[in-house]
1. Need a quick list: strands (runs of 3 or more DSSP E) entirely within segment 53-155 having at least 3 residues that are among the hydroxyl-bearing types (S, T, Y), in contact (Cβ under 8 Å) with a residue 40 or more places away in the chain and within 15 Å of S347 (Cβ to Cβ).
2. Of all residues in segment 312-346 being open to solvent by 50 Å² or more (accessible area, probe 1.4 Å) and among the aliphatic types (A, V, I, L, M), which is farthest from F117 (Cα to Cα)?
3. Return only the number of the condition from (1) open to solvent by less than 40 Å² (accessible area, probe 1.4 Å); (2) under 30 Å from A247 (Cβ atoms); (3) not basic (K, R) that P139 does not satisfy.
4. Evaluate the following for P239: is it surrounded by 15 or more Cβ atoms within 10 Å (Cβ to Cβ), part of a loop (DSSP other than H, G, I, E, B) and within 23 Å of the chain's Cα centre (by Cα)?
5. Which of (1) open to solvent by less than 30 Å² (accessible area, probe 1.4 Å); (2) in contact with a Ser or Thr (Cβ under 9 Å, 6 or more places away or on another chain) is the odd one out, the single condition N145 does not satisfy?
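The values are calculated or read from the model by the stated rules, or taken from the named source; none is laboratory data. Predicted model, so just to flag it, every value in this text is computed and none were measured. Note: ideal-geometry Cβ built from the backbone for every residue, glycine included; neighbour counts use all protein chains shown. Each accessible area value is taken on the protein alone, full model and side chains, heavy atoms only, with ligands, DNA and RNA left out. Shrake-Rupley method; radii C 1.70, N 1.55, O 1.52, S 1.80 Å.
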Amino acid sequence: MKKILKSIVIVSLTILVLGYSNTAFAGNKDRSGQAGATELLINPWASSTGWANAGMSKIHGVEAMWGNVAGITATNSIDLNFSHTTWLKGSEVNMSSFGFLARISETVVAGLYVMSFNPGEIYRTTEDNPDLTLGTFKPSLMNINIALAKSFSNSIHAGFVVKIISESISDMVGTGVALDAGIQYVTGVTDNIHFGITLKNIGPTMKYSGDGLTFKANPESFWGSSLTVIQRADQFELPTQLNIAAAYDFNFNNGYRLTAAGNFTSNSFSKDQVTLGLEGSLKDYLVIRAGYTLENGIWDDIETENCTNVNNGLSLGASVQAPLGEKMKVAIDYSFQETEHYNGTHSVGARIIF
(Lines give C-alpha, C1' and ligand atoms only; values in the text may rest on other atoms or scores of the structure.)
Protein backbone atom coordinates (compact mmCIF):
# COMPACT_ATOMS: atom_id res chain seq x y z
CA MET A 1 0.00 0.00 0.00
CA LYS A 2 2.83 2.42 0.86
CA LYS A 3 4.48 1.78 -2.52
CA ILE A 4 1.20 2.60 -4.27
CA LEU A 5 0.83 5.84 -2.31
CA LYS A 6 4.43 6.81 -3.14
CA SER A 7 3.78 6.23 -6.83
CA ILE A 8 0.58 8.27 -6.74
CA VAL A 9 2.34 11.24 -5.12
CA ILE A 10 5.31 11.19 -7.51
CA VAL A 11 3.18 10.76 -10.63
CA SER A 12 0.65 13.41 -9.57
CA LEU A 13 3.29 16.04 -8.89
CA THR A 14 5.15 15.19 -12.08
CA ILE A 15 1.97 15.65 -14.13
CA LEU A 16 1.26 18.89 -12.29
CA VAL A 17 4.71 20.28 -13.02
CA LEU A 18 4.78 19.17 -16.65
CA GLY A 19 1.25 20.39 -17.22
CA TYR A 20 2.19 23.95 -16.31
CA SER A 21 5.76 24.03 -17.55
CA ASN A 22 4.83 24.94 -21.12
CA THR A 23 2.35 27.68 -20.21
CA ALA A 24 3.14 29.17 -16.83
CA PHE A 25 6.93 29.16 -16.55
CA ALA A 26 8.23 31.21 -19.42
CA GLY A 27 10.54 33.17 -17.14
CA ASN A 28 10.03 36.14 -19.45
CA LYS A 29 11.26 39.45 -18.02
CA ASP A 30 9.01 41.25 -20.48
CA ARG A 31 6.02 40.03 -18.46
CA SER A 32 7.26 41.68 -15.27
CA GLY A 33 4.58 43.78 -13.64
CA GLN A 34 1.69 42.03 -15.39
CA ALA A 35 0.81 39.77 -12.44
CA GLY A 36 -0.99 40.83 -9.29
CA ALA A 37 -0.79 39.76 -5.64
CA THR A 38 3.01 39.78 -5.88
CA GLU A 39 3.25 39.86 -2.09
CA LEU A 40 2.81 36.08 -2.40
CA LEU A 41 6.43 35.92 -3.61
CA ILE A 42 7.83 37.61 -0.50
CA ASN A 43 9.05 35.24 2.21
CA PRO A 44 7.97 36.78 5.54
CA TRP A 45 9.96 34.41 7.78
CA ALA A 46 13.29 35.24 9.41
CA SER A 47 14.97 31.83 9.38
CA SER A 48 14.69 30.72 5.72
CA THR A 49 15.43 34.20 4.31
CA GLY A 50 18.80 34.12 6.07
CA TRP A 51 20.20 31.91 3.32
CA ALA A 52 18.25 33.37 0.42
CA ASN A 53 15.51 30.70 0.38
CA ALA A 54 18.12 28.16 -0.72
CA GLY A 55 16.94 25.52 1.76
CA MET A 56 13.54 24.75 0.26
CA SER A 57 14.39 21.05 -0.02
CA LYS A 58 14.79 20.65 3.76
CA ILE A 59 12.77 23.52 5.22
CA HIS A 60 10.76 22.48 8.29
CA GLY A 61 8.29 24.00 10.71
CA VAL A 62 5.85 26.85 10.14
CA GLU A 63 8.12 28.42 7.50
CA ALA A 64 7.61 25.36 5.30
CA MET A 65 4.04 26.52 4.64
CA TRP A 66 5.59 29.30 2.54
CA GLY A 67 8.65 27.44 1.22
CA ASN A 68 7.73 23.77 0.71
CA VAL A 69 4.66 22.59 2.58
CA ALA A 70 5.90 18.99 2.67
CA GLY A 71 8.36 20.08 5.35
CA ILE A 72 5.68 20.61 8.00
CA THR A 73 5.58 16.83 8.47
CA ALA A 74 8.74 17.14 10.61
CA THR A 75 6.65 18.72 13.38
CA ASN A 76 6.59 16.58 16.53
CA SER A 77 3.58 18.08 18.28
CA ILE A 78 3.00 21.86 18.06
CA ASP A 79 5.05 24.58 16.37
CA LEU A 80 4.44 28.34 16.75
CA ASN A 81 6.20 31.10 14.81
CA PHE A 82 6.00 34.91 14.98
CA SER A 83 7.84 37.13 12.51
CA HIS A 84 8.17 40.84 11.72
CA THR A 85 9.87 42.15 8.56
CA THR A 86 10.99 45.68 7.82
CA TRP A 87 10.82 45.71 4.03
CA LEU A 88 13.40 48.06 2.50
CA LYS A 89 14.27 49.77 5.78
CA GLY A 90 13.43 53.45 5.48
CA SER A 91 10.44 52.93 3.20
CA GLU A 92 8.07 52.42 6.19
CA VAL A 93 6.76 49.18 4.69
CA ASN A 94 6.33 46.30 7.17
CA MET A 95 5.11 42.71 7.24
CA SER A 96 3.82 40.73 10.22
CA SER A 97 3.21 36.98 10.24
CA PHE A 98 1.95 34.39 12.68
CA GLY A 99 1.57 30.67 12.14
CA PHE A 100 1.16 27.39 13.96
CA LEU A 101 1.32 23.69 13.18
CA ALA A 102 -0.26 20.73 14.96
CA ARG A 103 0.18 17.01 14.42
CA ILE A 104 -3.26 15.45 13.99
CA SER A 105 -2.18 11.84 13.41
CA GLU A 106 0.92 9.72 13.18
CA THR A 107 1.57 10.79 9.59
CA VAL A 108 -0.50 13.97 9.06
CA VAL A 109 0.22 17.57 10.12
CA ALA A 110 -2.08 20.58 9.64
CA GLY A 111 -1.24 24.25 9.89
CA LEU A 112 -2.40 27.83 9.49
CA TYR A 113 -0.54 31.08 9.01
CA VAL A 114 -1.56 34.67 8.36
CA MET A 115 0.61 37.29 6.68
CA SER A 116 -0.29 40.98 6.80
CA PHE A 117 1.54 43.38 4.48
CA ASN A 118 1.43 47.03 5.55
CA PRO A 119 2.59 49.49 2.85
CA GLY A 120 1.96 52.46 5.12
CA GLU A 121 -0.07 55.56 4.36
CA ILE A 122 -0.34 56.88 0.80
CA TYR A 123 -1.42 60.40 -0.14
CA ARG A 124 -4.83 60.60 -1.78
CA THR A 125 -4.87 62.58 -5.03
CA THR A 126 -7.28 63.19 -7.89
CA GLU A 127 -7.08 64.89 -11.27
CA ASP A 128 -8.64 68.00 -9.75
CA ASN A 129 -6.55 67.87 -6.55
CA PRO A 130 -3.02 66.62 -7.28
CA ASP A 131 -1.40 68.63 -4.46
CA LEU A 132 -1.57 66.11 -1.56
CA THR A 133 -4.31 68.05 0.24
CA LEU A 134 -6.96 65.29 0.44
CA GLY A 135 -5.40 63.31 3.27
CA THR A 136 -4.13 59.74 3.06
CA PHE A 137 -5.40 56.20 2.66
CA LYS A 138 -3.97 52.92 3.91
CA PRO A 139 -4.00 49.78 1.74
CA SER A 140 -4.49 46.41 3.40
CA LEU A 141 -2.97 43.20 2.02
CA MET A 142 -3.55 39.93 3.85
CA ASN A 143 -3.02 36.27 3.01
CA ILE A 144 -4.58 33.43 5.03
CA ASN A 145 -2.96 30.03 4.40
CA ILE A 146 -4.30 26.61 5.40
CA ALA A 147 -1.92 23.66 5.02
CA LEU A 148 -2.09 19.89 5.19
CA ALA A 149 0.78 17.44 4.65
CA LYS A 150 1.38 13.72 5.00
CA SER A 151 4.42 11.46 5.39
CA PHE A 152 4.08 8.49 3.06
CA SER A 153 7.28 6.94 4.37
CA ASN A 154 10.45 8.01 6.17
CA SER A 155 11.70 9.35 2.83
CA ILE A 156 8.70 10.86 1.02
CA HIS A 157 6.55 13.70 2.32
CA ALA A 158 3.98 15.76 0.41
CA GLY A 159 1.33 18.37 1.07
CA PHE A 160 -0.64 21.35 -0.18
CA VAL A 161 -1.61 24.87 0.93
CA VAL A 162 -4.85 26.71 0.17
CA LYS A 163 -4.35 30.49 0.14
CA ILE A 164 -7.04 33.12 0.58
CA ILE A 165 -5.85 36.46 -0.81
CA SER A 166 -7.34 39.80 0.21
CA GLU A 167 -6.24 43.22 -1.05
CA SER A 168 -8.26 46.33 -0.25
CA ILE A 169 -8.48 50.05 0.30
CA SER A 170 -11.45 51.92 1.77
CA ASP A 171 -13.55 51.79 -1.41
CA MET A 172 -12.17 48.88 -3.43
CA VAL A 173 -11.32 45.24 -2.78
CA GLY A 174 -9.87 42.27 -4.60
CA THR A 175 -10.04 38.67 -3.38
CA GLY A 176 -8.66 35.43 -4.75
CA VAL A 177 -7.70 31.84 -4.01
CA ALA A 178 -4.46 30.03 -4.82
CA LEU A 179 -2.93 26.60 -4.25
CA ASP A 180 0.59 25.43 -3.44
CA ALA A 181 1.76 21.81 -3.70
CA GLY A 182 5.09 20.44 -2.57
CA ILE A 183 7.09 17.25 -2.09
CA GLN A 184 10.30 16.48 -0.21
CA TYR A 185 12.46 13.40 -0.63
CA VAL A 186 15.12 12.43 1.90
CA THR A 187 17.80 9.83 1.32
CA GLY A 188 21.39 8.98 2.28
CA VAL A 189 22.91 6.82 5.02
CA THR A 190 22.13 9.43 7.68
CA ASP A 191 19.19 11.07 5.84
CA ASN A 192 21.57 13.83 4.77
CA ILE A 193 20.53 14.21 1.12
CA HIS A 194 17.43 16.29 0.43
CA PHE A 195 15.39 17.03 -2.70
CA GLY A 196 12.28 19.14 -3.07
CA ILE A 197 9.82 20.39 -5.68
CA THR A 198 7.20 23.07 -5.09
CA LEU A 199 4.55 24.51 -7.36
CA LYS A 200 3.21 27.79 -5.99
CA ASN A 201 0.37 30.25 -6.51
CA ILE A 202 -1.78 28.25 -8.90
CA GLY A 203 -5.24 29.73 -9.10
CA PRO A 204 -7.85 31.65 -11.06
CA THR A 205 -7.44 35.28 -12.03
CA MET A 206 -8.30 38.08 -9.61
CA LYS A 207 -10.30 41.25 -10.16
CA TYR A 208 -10.97 44.43 -8.20
CA SER A 209 -14.43 45.78 -7.48
CA GLY A 210 -16.03 48.55 -5.43
CA ASP A 211 -16.98 52.21 -5.42
CA GLY A 212 -13.40 53.20 -6.13
CA LEU A 213 -14.00 52.26 -9.77
CA THR A 214 -16.80 54.81 -10.19
CA PHE A 215 -16.67 58.51 -11.04
CA LYS A 216 -19.05 61.36 -11.81
CA ALA A 217 -19.46 62.43 -15.44
CA ASN A 218 -21.39 65.23 -17.14
CA PRO A 219 -22.21 64.20 -20.72
CA GLU A 220 -23.08 67.16 -22.93
CA SER A 221 -26.27 65.50 -24.13
CA PHE A 222 -27.72 65.52 -20.61
CA TRP A 223 -27.60 69.35 -20.29
CA GLY A 224 -25.90 69.62 -16.90
CA SER A 225 -27.10 66.34 -15.42
CA SER A 226 -24.43 64.11 -13.90
CA LEU A 227 -24.11 60.36 -14.15
CA THR A 228 -22.20 57.83 -12.07
CA VAL A 229 -19.95 55.90 -14.43
CA ILE A 230 -18.59 52.48 -13.48
CA GLN A 231 -15.23 51.55 -14.96
CA ARG A 232 -14.58 47.92 -15.79
CA ALA A 233 -11.60 46.47 -13.95
CA ASP A 234 -9.47 44.05 -15.92
CA GLN A 235 -8.60 40.66 -14.51
CA PHE A 236 -5.00 39.79 -13.61
CA GLU A 237 -3.10 36.56 -13.10
CA LEU A 238 -1.28 35.32 -10.02
CA PRO A 239 2.56 35.07 -9.94
CA THR A 240 2.90 31.32 -10.50
CA GLN A 241 6.24 29.84 -9.54
CA LEU A 242 8.11 26.52 -9.68
CA ASN A 243 10.96 25.66 -7.28
CA ILE A 244 13.38 22.74 -7.62
CA ALA A 245 15.79 22.41 -4.68
CA ALA A 246 18.49 20.15 -3.26
CA ALA A 247 20.68 20.11 -0.15
CA TYR A 248 23.47 18.03 1.39
CA ASP A 249 24.27 17.80 5.11
CA PHE A 250 27.88 17.36 6.22
CA ASN A 251 27.49 15.90 9.71
CA PHE A 252 30.49 16.12 12.03
CA ASN A 253 31.26 14.88 15.51
CA ASN A 254 29.79 16.51 18.63
CA GLY A 255 26.61 17.60 16.87
CA TYR A 256 28.15 20.03 14.37
CA ARG A 257 26.65 20.30 10.88
CA LEU A 258 27.27 22.19 7.64
CA THR A 259 24.59 22.18 4.93
CA ALA A 260 25.11 23.26 1.33
CA ALA A 261 21.87 23.99 -0.53
CA GLY A 262 20.62 25.32 -3.83
CA ASN A 263 17.28 26.26 -5.31
CA PHE A 264 16.18 26.99 -8.88
CA THR A 265 13.13 29.23 -9.21
CA SER A 266 11.17 29.48 -12.44
CA ASN A 267 8.95 32.57 -12.39
CA SER A 268 6.03 33.00 -14.75
CA PHE A 269 6.12 36.82 -14.68
CA SER A 270 9.78 37.66 -14.09
CA LYS A 271 13.26 36.29 -14.65
CA ASP A 272 14.30 32.89 -13.31
CA GLN A 273 16.59 32.77 -10.29
CA VAL A 274 19.18 30.48 -8.74
CA THR A 275 19.89 30.73 -5.01
CA LEU A 276 22.88 29.14 -3.25
CA GLY A 277 23.32 28.94 0.49
CA LEU A 278 25.25 27.55 3.46
CA GLU A 279 23.94 26.79 6.93
CA GLY A 280 26.17 25.89 9.86
CA SER A 281 24.80 24.45 13.10
CA LEU A 282 26.66 24.32 16.42
CA LYS A 283 24.78 21.60 18.29
CA ASP A 284 21.54 23.34 17.26
CA TYR A 285 22.18 26.06 19.86
CA LEU A 286 23.53 28.48 17.26
CA VAL A 287 22.75 28.34 13.54
CA ILE A 288 24.46 30.68 11.07
CA ARG A 289 23.33 31.17 7.48
CA ALA A 290 24.49 32.89 4.30
CA GLY A 291 23.05 32.85 0.79
CA TYR A 292 23.20 34.52 -2.58
CA THR A 293 20.55 35.06 -5.24
CA LEU A 294 21.60 34.99 -8.89
CA GLU A 295 19.61 36.20 -11.87
CA ASN A 296 20.32 37.84 -15.20
CA GLY A 297 21.27 41.49 -14.71
CA ILE A 298 21.63 41.39 -10.93
CA TRP A 299 25.09 43.03 -11.07
CA ASP A 300 23.96 45.76 -13.47
CA ASP A 301 23.25 49.29 -12.32
CA ILE A 302 19.80 49.68 -10.79
CA GLU A 303 18.91 52.29 -13.40
CA THR A 304 19.31 49.82 -16.29
CA GLU A 305 16.43 47.76 -17.65
CA ASN A 306 18.23 44.47 -16.96
CA CYS A 307 18.39 44.96 -13.17
CA THR A 308 14.86 44.20 -11.96
CA ASN A 309 15.53 42.49 -8.62
CA VAL A 310 15.17 44.60 -5.48
CA ASN A 311 17.70 42.36 -3.72
CA ASN A 312 21.40 42.81 -4.47
CA GLY A 313 21.84 39.08 -3.96
CA LEU A 314 23.44 38.70 -0.52
CA SER A 315 21.49 37.33 2.45
CA LEU A 316 22.73 36.67 5.99
CA GLY A 317 21.05 35.20 9.03
CA ALA A 318 21.38 33.53 12.40
CA SER A 319 19.27 31.69 14.97
CA VAL A 320 19.79 31.13 18.68
CA GLN A 321 17.93 28.12 20.06
CA ALA A 322 17.54 26.98 23.66
CA PRO A 323 15.65 24.07 25.26
CA LEU A 324 13.09 24.83 27.96
CA GLY A 325 12.38 21.57 29.67
CA GLU A 326 12.39 18.14 28.06
CA LYS A 327 10.00 18.80 25.18
CA MET A 328 9.97 22.56 24.59
CA LYS A 329 12.45 24.65 22.62
CA VAL A 330 12.55 28.40 21.96
CA ALA A 331 14.40 30.06 19.06
CA ILE A 332 15.09 33.64 18.01
CA ASP A 333 15.79 34.25 14.29
CA TYR A 334 17.23 37.20 12.38
CA SER A 335 17.94 37.76 8.69
CA PHE A 336 19.27 40.57 6.51
CA GLN A 337 18.84 40.89 2.74
CA GLU A 338 21.02 43.43 0.95
CA THR A 339 19.33 45.95 -1.37
CA GLU A 340 20.57 48.62 -3.78
CA HIS A 341 18.43 51.39 -2.28
CA TYR A 342 17.23 51.99 1.27
CA ASN A 343 18.97 50.00 4.03
CA GLY A 344 18.17 46.39 3.26
CA THR A 345 15.34 44.12 4.40
CA HIS A 346 15.43 42.98 8.04
CA SER A 347 13.39 40.14 9.57
CA VAL A 348 13.13 39.12 13.21
CA GLY A 349 11.22 36.06 14.39
CA ALA A 350 10.52 33.91 17.43
CA ARG A 351 9.65 30.21 17.44
CA ILE A 352 8.24 27.95 20.13
CA ILE A 353 8.50 24.24 19.41
CA PHE A 354 6.93 21.39 21.40
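1. On the way: elements: 78-87, 93-103, 108-118, 140-151.
Hits in segment 53-155: 78-87.
2. Restricting to residues being open to solvent by 50 Å² or more (accessible area, probe 1.4 Å) and among the aliphatic types (A, V, I, L, M), the top hit is L324.
3. Status for P139: all satisfied but (2).
4. On the way: surrounded by 15 or more Cβ atoms within 10 Å (Cβ to Cβ): yes; part of a loop (DSSP other than H, G, I, E, B): yes; within 23 Å of the chain's Cα centre (by Cα): yes.
Yes.
5. For N145, the failing item is (2).
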